[in-house]
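All remarks here apply to the structure that follows.
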Amino acid sequence: MSEPTAHASRARQYLTIFFVLFVLTVLEVAVTYVHGHKLQIVLSLFALAAVKAACVALFFMHLKWETRVLRATVVVPLMFPVLYALVLIAEGAWRRLGG
């Protein structure tokens, strides 16, 4: 008897995550139309993308229900490409400014 309610609960959760991801995507598109400082726009887009990636990892990869150690084995290696990208962006900006 608890199976249909568990299925309905899971379906509701996935629909909620779908709605959250949809709203975040709409916000990303809206941010691209904002006339403002380029750095603020880029940082906003990075932040929205990070929130979307966290939602996908937590719910669709089921990391929300895993142990802290398993979550760390997924999250920590993913930080290295992000760090590398930030270093490359900083280097490009430094070269552009004539450093």
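GNM, the chain, Cα, under 10 Å: largest mean-square fluctuation among 70, 86, 15?
86
Just one of [x] 83; [y] 98; [z] 126 is volume of the Cα convex hull per residue in Å³ calculated from these coordinates, so which is it?
Answer label, from the structure shown: [y].
With helices defined as uninterrupted DSSP H runs, which ones in the chain have an alpha carbon span along their own long axis of at least 30 Å and mean Kyte-Doolittle hydropathy of at least 0.0?
Numbers: long enough: 2-32 (45 Å, 0.85); 68-96 (41 Å, 1.12).
Flagged H segments are 2-32, 68-96.
For the pair residue 41 and residue 75, what calculated FRET efficiency results from E = 1/(1 + (r/R0)^6), where r is the Cβ-Cβ distance and R0 = 35 Å, to the nearest 0.05? Don't skip to the answer; put the middle values down first.
Numbers: r = 26 Å, r/R0 = 0.75.
With R0 = 35 Å, the Cβ-Cβ based efficiency is 0.85.
Taking 7 Å along the Cα-to-C-beta vector as the label spot, tell me the residue 97-residue 22 distance in nanometres, rounded to one decimal.
4.3
Compute a Gaussian network model of the chain, connecting alpha carbons closer than 10 Å, and tell me which residue from 23, 87, 31 fluctuates the most.
In the Gaussian network model the winner is 87.
Any read-out appearing in this document is the output of simple, stated calculations on the displayed coordinates, not a laboratory observation. This one's a predicted model, so the numbers in the text were calculated from it and none came from an experiment. When we count neighbours, we look across all protein chains shown, and the Cβ atoms used for this are built from the backbone with ideal geometry, even at glycine.
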